[in-house]
Amino acid sequence: MHLPHLYITPSKNPDLILLQDIVKSINGQYNTINCYAQIAEMAPVQQKEKILGIRQEEIRHYHTFVNIYINLTGQKPPGITPEPCPKNYREALEFALKDEQETVDFYLHIADRALTPYIKQAYMRAAQDEQRHAVWFLFFWTKQCCLKNN
């Protein structure tokens with residue numbers, strides 16, 4: 001997917017802090033995609049499909065952010081820094097819940113600083129998705145807590 005040039009034109013001096021944040025969001029999405037594949041494998045059948053659906057949305061975010069970076073810089077983003085994913089299902093849910101909540105704030109911060117409507121809208125939409133994901137992970141985590149305590 002390539003962004004329409006009427007929204008973004010490559011700049012010789014793009015906002016370096018914004019670019020660093022876009023790279024951070026690309027890195028985070030990449031690691032989230034991998035982690036959610038692992039979480040889905042640990043999940044009970046009734047939760048697995050929803051987690052894989054959330055993962056698909058994270059893939060969409062990843063591609064959107066990569067395309068934004070390419071359109072701003074004319075280059076591919078730098079390499080990904082791999083991050084570990086918890087191996088225990090309950091811990092992985094808590095990790096995902098916390099990460100989604102922190103990501104909402106981060107994406108809203110990027111959207112507030114973005115100068116182009118396309119970037120602002122892309123990060124606002126992603127923040128909304130992340131908030132919804134957090135609610136699902138909270139639901140799954142709560143179910144795990146209740147099952148453990150019964």
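The values are calculated or read from the model by the stated rules, or taken from the named source; none is laboratory data. These figures come from a predicted structure and were not determined experimentally. Note: ideal-geometry Cβ built from the backbone for every residue, glycine included; neighbour counts use all protein chains shown. Keep in mind that these areas ignore ligands, DNA and RNA; they rest on the heavy atoms of the full protein, side chains included. Shrake-Rupley method; radii C 1.70, N 1.55, O 1.52, S 1.80 Å.
Matching residues to (1) over 21 Å from Ile70 (Cα atoms); (2) part of a helix (DSSP H, G or I); (3) touching a strand residue (DSSP E or B) at 6+ places or on another chain (Cβ under 6 Å):
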| residue | (1), (2), (3) |
| --- | --- |
| Gln101 | yes, yes, no |
| Val104 | yes, yes, no |
| Leu115 | no, no, no |
| Met124 | no, yes, no |
| Gln131 | yes, yes, no |
| Trp136 | yes, yes, no |
| Phe139 | yes, yes, no |
| Lys143 | yes, yes, no |
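Take Ile70 and decide whether it is touching a Pro at 6+ places or on another chain (Cβ under 8 Å), over 30 Å from Val45 (Cβ atoms) and at pLDDT 95 or above. It is true that Ile70 is touching a Pro at 6+ places or on another chain (Cβ under 8 Å), over 30 Å from Val45 (Cβ atoms) and at pLDDT 95 or above. Evaluation of Glu102 against the conditions (1) modelled with pLDDT of 95 or more; (2) in contact with a Lys or Arg (Cβ under 8 Å, 6 or more places away or on another chain) shows that the sole unmet condition is (2).
Considered as a group, the residues in segment 71-103 that are over 14 Å from the mean Cα position of the chain (by Cα) and either at positive phi or touching a residue at least 60 places away in the same chain (Cβ under 8 Å) (or both) include one that is most open to solvent (accessible area, probe 1.4 Å), and that residue is Gly74.
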